[in-house]
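Before any comments, here is the structure.
Rule-based calculations on the coordinates, nothing more; no lab input. Bear in mind the structure is a predicted one, so any value in this text is a computation, not a measurement. Positions of Cβ are generated from backbone atoms using ideal geometry, with glycine treated the same way; all protein chains shown enter the neighbour counts.
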Ligand code: UDP
Ligand code: MG
């Protein structure tokens, strides 16, 4: 089977059928034959009902339902795990990743003989100032700490079998899909596309959720913040030695500092730095705890696959 299209869905009941029809028709017109796998990421609305309808109506649609919301990254992983194909396309269900670009992406992959065609946002679509500001800031921090340059990257990707086989071996439960695709290497090329506006509903990524994603991305790709606390400690020690000598000199020369202001300030300052460092270590320990528990990465409550991957153990 040539192409598998993975579509993660979360609370898209009003639009999923309409949007899927657009994707389906566009691919039909462009002569792209494929299998679809729609993953319901534990929607709390009637998305699953709509998706099951689609699965019944179209013979090349498989559907998976999560027992609860595990996040878009996991929905993508479940899609990749549960279907076998030569190539995989990952696209949003809200038509922000234009289906009409897929033909060009496939051609580009053939022409340049690469394993990954990365959809890069040429124009970021309509976003508010705060979102843009945080997105830019996040990518800058990510680049400086992890070396991953994901500026304007998206989950709109075409990847081939070898990349998916590699990703299937990963067992971490906290992953950042875009970062992972960047990390695995392989031959790649960029495909620039313009992000369409969302037709219906609104983005499920609130500012808080985006910040959580950003934090997750940094933590799963680098332990540099831990080293930062170490260097912070070293700089502190340097100041401590200088101040210590000064204090001793003052003491022995008989003019020790009077008053507590300096002491109070120092205690407050060192206290906060120590707490911050402990917090940083704590965050990493909690991640280790999560991974050590070795729980399943996602739980499938219903699987309407079309026998494409019967023998596969779902992890
Ligand atoms: N999505 C998902 N799980 C989530 C949140 C979102 O599967 O927890 C899906 C959503 O249905 C959509 C895609 O991921 O198909 C992108 O989500 P959204 O449009 O909300 O994000 P944005 O376009 O703002 O990045
Ligand atoms: Mg969207």
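Of all the Cα-Cα pairs you can form in the stretch 1-78, what percent are over 14 Å apart?
58
Averaging sequence separations of C-alpha pairs under 8 Å and six or more residues apart, then dividing by the length of the chain, give the relative contact order as a whole percent.
23
Quick one: length gained pulling residue 209 to residue 285 fully straight, 0.36 nm per residue minus the C-alpha distance?
25.2 nm
Order these by the 10 Å Cβ neighbour count, fewest first: 157, 100, 56, 121.
Fewest-to-most Cβ neighbours within 10 Å comes out as 56, 100, 121, 157.
For the stretch 126-199, what relative contact order do you get, as a whole percent, if you take Cα pairs closer than 8 Å and at least 6 residues apart?
Relative contact order here is 28 percent.
For the stretch 183-315, what value does the Rg/Rh ratio take when both radii are computed over Cα atoms and Rh is the Kirkwood radius, given to two decimals?
That ratio equals 1.22.
Under 1.5 on a/c is rounded, so check that first for the stretch 56-191, then, if it is not, pick prolate when a/b is larger than b/c and oblate when it is not; a ≥ b ≥ c are the square roots of the alpha carbon gyration tensor eigenvalues.
In terms of gyration-tensor shape, rounded.
Pairing the Cα long axis of helix 47-57 with the longest principal axis of the chain, what angle in degrees results, from 0 to 90 and rounded to the nearest 10?
Approximately 30 degrees, to the nearest ten.
Testing the spin-label approximation: label points 7 Å from Cα along Cα→Cβ at residue 190 and residue 266. State their distance in nm.
5.1
Between the helical axis of 207-221 and the dominant principal axis of the chain, each derived from Cα atoms, what acute angle in degrees is found, rounded to the nearest 10?
Tilt relative to the chain: about 80 degrees.
With n ≥ 4 as the cut-off for DSSP H runs, can you work out [θ] at 222 nm for the chain, using -39500 (n - 2.57) per run divided by the number of residues, rounded to the nearest 500?
-16500 deg cm²/dmol
Taking 7 Å along the Cα-to-C-beta vector as the label spot, tell me the residue 199-residue 59 distance in nanometres, rounded to one decimal.
2.5
What order do you get for 164, 6 when you list them from fewest to most C-beta neighbours inside 10 Å?
Placing the least packed residue first, the sequence is 164, 6.
Between residue 32 and residue 249, with labels modelled 7 Å along Cα→Cβ, what's the label distance in nm to one decimal, could you check?
7.2
What is the Å³ per residue value for the convex hull set by the Cα atoms of the chain?
160
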